[in-house]
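Everything on this sheet refers to the single structure shown next.
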Amino acid sequence: MKFLDRFFERSSRHVANTTGRRQFIAKFGTFVALGVAAPVLLPIDRTSKALAAGLPSAGDPGDPNSCDYWRYCSVDGFLCSCCGGSVTSCPPGTESSQVTWVGTCRNPADGIDYIISYNDCCGKHSCAQCACTRNDSEEPMYRPFNNNDINWCLGTSSSVYNCTVSVIRGVAS
């Protein structure tokens, strides 16, 4: 009987020591701190924040129809600016792929490096104008999001490639 008495006494003292108000407040504080810090780790589209940070204006240096334009440092394909679209928008009748490759290009006007997202425009056959192959920050195929040799139209309704746009996503740090 003494064994059972000691066992229940030790168990109840342990429960009383670990479930007090102070322990509850400490655990609750840790839980709240983790709950506040966790959203920072989630993937978030920070495009609006980057735009507010003063990205280059419409008066960027260079010709958007030339392969030497600064935003095209990692482009591989036809430029949408020559195919009825613009640097940032697809031609009519095509849709932008949501799966992209990225590069980091330096703007010669302000000397700042920008993260550029290269989106393939899909749905029509390639326009075959302004073909550019620049591989300044291209990575091998085993790093697909930094490789420009892949047809990125896989996430669209049509996998037919037309041209490529280059959208600034933020300032590189």
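Residues within the reach of a label modelled at residue 172 (point 7 angstrom out along Cα to beta-carbon, backbone nitrogen below 16 Å), restricted to segment 76-105, are 76, 101-105.
These residues, 154, 79, go from largest to smallest accessible area, 1.4 Å probe, as 154, 79. Spin-label model, residue 63 to residue 102: label points 7 Å out along the Cα-to-beta-carbon direction sit 3.1 nm apart.
The values are calculated or read from the model by the stated rules, or taken from the named source; none is laboratory data. What you see is a predicted model, and the numbers here were worked out from it, not measured in a lab. As a convention, Cβ positions derive from the backbone with ideal geometry for all residues, glycine included, and neighbour counts pool all protein chains shown. Just so you know, the surface numbers come from the protein's heavy atoms only, side chains and all, with ligands and any DNA or RNA stripped out. Shrake-Rupley method; radii C 1.70, N 1.55, O 1.52, S 1.80 Å.
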